[in-house]
Structures are given as C-alpha cells and as structure tokens.
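Take a look at the structure below.
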Amino acid sequence: MTKLSPMYEYKDQGKTVAYNNAATIGNYLKDLGFNLDFAPVADTWSNASNTVIGKRAYSDNFSETADLVESAVGGFKSTGVKCTLKHFPGHGDTSTDSHTSAAYTSKTSEKLQEEEYLSFKSGISAGADMVMVGHITATAISSEPASVSYDVVTGELREK
C-alpha cells in the first residue's frame, strides 16, 4: 500500500503528482468497494494560524490550489470514484476550527471570487461531483452559517 503525506507536502511537485495521488486514493477506495471520497480539500491555506485546514490544503497560493485541485479531480474521475470539493466558501483563511466553535470569514463576495472560489471553479469545471458547504459564516454575505445560508448556497455557489 502506498502511504501518502498531506497534500500540501506535494505542492511543489505539480499537477501530475496531484492527479496521481488522487488516482491512487481512488483506486484504493474502489478496491474496497467505495465509490465516493469526500475529497479533495479545495481550501487554500492562506492563514498560517489556521489549524483545521493546514497541510490538508494543496497550497497556500490560490492559483496553485486551483491548478492542483483541478488535477486531483481528474485523478479521482479516472478511477470512477466520485469526489467532493470542500469546504465552500473557503475555510483556509479562518482561524477557528469549525468542528469545535464558530468559524468566520469577513471576505466580500468579490474577494472570495478572486481568491477562495478559484479552486472551487476549477474543480467544478474538471467535473467534481459535489461541493461540501462548510460551517463557516461569511459575514459580508450572510449572518447565517454557509451550510444553511440561502445567500451562500444559492446566491454564491449555484448562481456564481
């Protein structure tokens, strides 16, 4: 069995490695009888204080994350395993772990589109099957957590 490190460890190795890593994971899952992975993490680790995303991210650069996520989606698709982009609208710049308390981003829709959304757009274009919405409140868009916010799920994710 191949042991993979967190995806951040491969960021400088490029798109082919991101594709191959996802294909390796997809093949293991398929061999075990699974047809879905809740991956790849489409967040960019843009806040060094962020402990919940950290090295699960593909990069700390928004454009690079977008390229690597696109390749990872291709790797999963090549195995027939469905994949999930997470955590929309982007958890990489938060400083709180949403598993234990409320996480917030104050980025506007325009700023999210320039940064956080790049990897979600590239992953969707590459054929990702699902998008997991995070328990993150995007305060410039909605007062509700993204996972239950019409403005985030419909206005941002579905319409933009």
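Tabulated data for the structure shown
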| read-out | value |
| --- | --- |
| Lys, Arg +1 and Asp, Glu -1 on Cβ, resulting dipole of the chain about Cα centre, debye, nearest 20 | 460 debye |
| Projected area averaged over orientations for region 1-86, convex hull of C-alpha atoms, nm² | 5.1 nm² |
| Alpha-carbon Debye profile of region 68-118, log10 I(q)/I(0) at 0.17, 0.23, 0.28, 0.32 Å⁻¹ | -0.67, -0.89, -1.03, -1.18 |
| Convex hull of Cα atoms in region 5-160, direction-averaged projection (nm²) | 8.4 nm² |
| Other-chain or far-sequence residues with amide H under 5 Å of Leu36's (modelled H) | Lys82 |
| 3J(HN,Hα) from dihedral phi, region 106-119, Karplus parametrisation 6.51/-1.76/1.60, rounded to Hz, x for glycine, proline | 9, 5, 6, 4, 5, 5, 4, 5, 6, 10, 4, 6, 3, 6 |
| DSSP loop chymotrypsin sites (Phe, Trp or Tyr not before Pro) with at most 15 other Cβ within 10 Å: longest gap in the chain | 39-160 |
| Estimated inter-spin distance, Glu144 and Tyr28, nm [label 7 Å along Cα→Cβ] | 3.8 nm |
| Global form of region 1-47, assessed from the alpha-carbon gyration tensor, a/c cut-off 1.5 | prolate |
| Relative contact order of region 12-77, pairs being alpha-carbon contacts under 8 Å that are 6 or more residues apart, as % | 48 percent |
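Readers should treat all values here as calculations from the given coordinates under stated rules, not as data from a laboratory. In this text the structure is predicted, and so the values were computed from the model without any measurement. We place every Cβ from the backbone using ideal geometry, glycine too, and count neighbours over all the protein chains shown.
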